[in-house]
Amino acid sequence: MSALRHITVCASSFDTSLAFYDAALGALGLGRMQEYGDEEEDDAVLEAAGFGLPDEPPSFWLVSGEEPTRGAHAAFAAPSRGAFFAAALAAGGTSRQAPRRWEIYRPGYFGAVVADPDGNLIEAALDER
């Protein structure tokens, strides 16, 4: 059992970051599991989205706020070498580490890293051992 329950990132532009995470995390099999707006408003604008695997609670939250998160690094398990990198770049991400083997980390490690619109690093990692 992991002690980590979830990670939250605050976006400078919620809609821009939401489109990025829909594409990048969607390519890893994660989807929006929960969404929230201001509960005191009728027809509230979406202000929080929780991403996770089907039938599991969200492990990654994107929220709207005045002070964006910058410099965070979240790594997600990749089911295959698949399309994470291309999907993340097409959705506005910036390449930080192109997909490749990273033997320096451990034998069989394959990964890619993309910066989100606020500069947070999102990694897709696959252990091919």
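Simple rule: put +1 on each Lys or Arg Cβ and -1 on each Asp or Glu Cβ in the chain, find the dipole, and look at Pro58, Pro68, Thr94; the Cα lying farthest toward the positive end is Thr94.
Mean shadow of segment 78-119, computed from the convex hull of its alpha carbons, in nm²? Don't skip to the end; give the middle numbers.
Working: hull surface 12.5 nm².
The number I arrive at for segment 78-119 is 3.1 nm².
Considering only DSSP beta bridges with both partners in segment 46-129, what is the antiparallel share in %, to the nearest 5? Roughly 75 percent of the DSSP beta bridges within segment 46-129 come out antiparallel. Note the angle between two axes, namely the Cα long axis of helix 14-26 and the longest principal axis of the Cα atoms of the chain, as a number of degrees from 0 to 90, rounded to the nearest 10. Here the helix axis deviates by roughly 40 degrees. Counting only Cα atoms, the size of segment 3-62 along its three principal axes is 32, 23, 18 Å, in decreasing order.
Net charge around Phe51, counting only other residues with Cβ within less than 12 Å of its Cβ (Lys, Arg = +1; Asp, Glu = -1)?
That works out to -2.
For chymotrypsin sites (Phe, Trp or Tyr not before Pro), the sites in segment 77-106 that DSSP calls loop and that have at most 12 other Cβ atoms within 10 Å are Tyr105. Where Lys and Arg each count +1 and Asp and Glu each count -1, what net charge lies around Phe20 among other residues with Cβ under 11 Å from its Cβ? Around Phe20, the surrounding residues sum to -4. A P(r) calculated from all alpha carbon pairs of segment 35-129, with 10 Å bins opening at zero, reads 14, 38, 32, 12, 3, 0 percent.
Across the options Ala78, Gly119, Ala49, the greatest Cα extent toward the positive end of the charge dipole of the chain (unit charges at beta carbon of Lys, Arg, Asp, Glu) belongs to Ala78. Taking the Cα centre of the chain as origin and assigning +1 to Lys and Arg Cβ atoms and -1 to Asp and Glu Cβ atoms, the resulting dipole is close to 1280 debye.
Each value in this text was obtained by applying a stated rule to the coordinates, not by laboratory testing. Source: prediction; values computed, not measured. Counting neighbours? That spans all protein chains shown, and the Cβs are built from the backbone with ideal geometry, glycine included.
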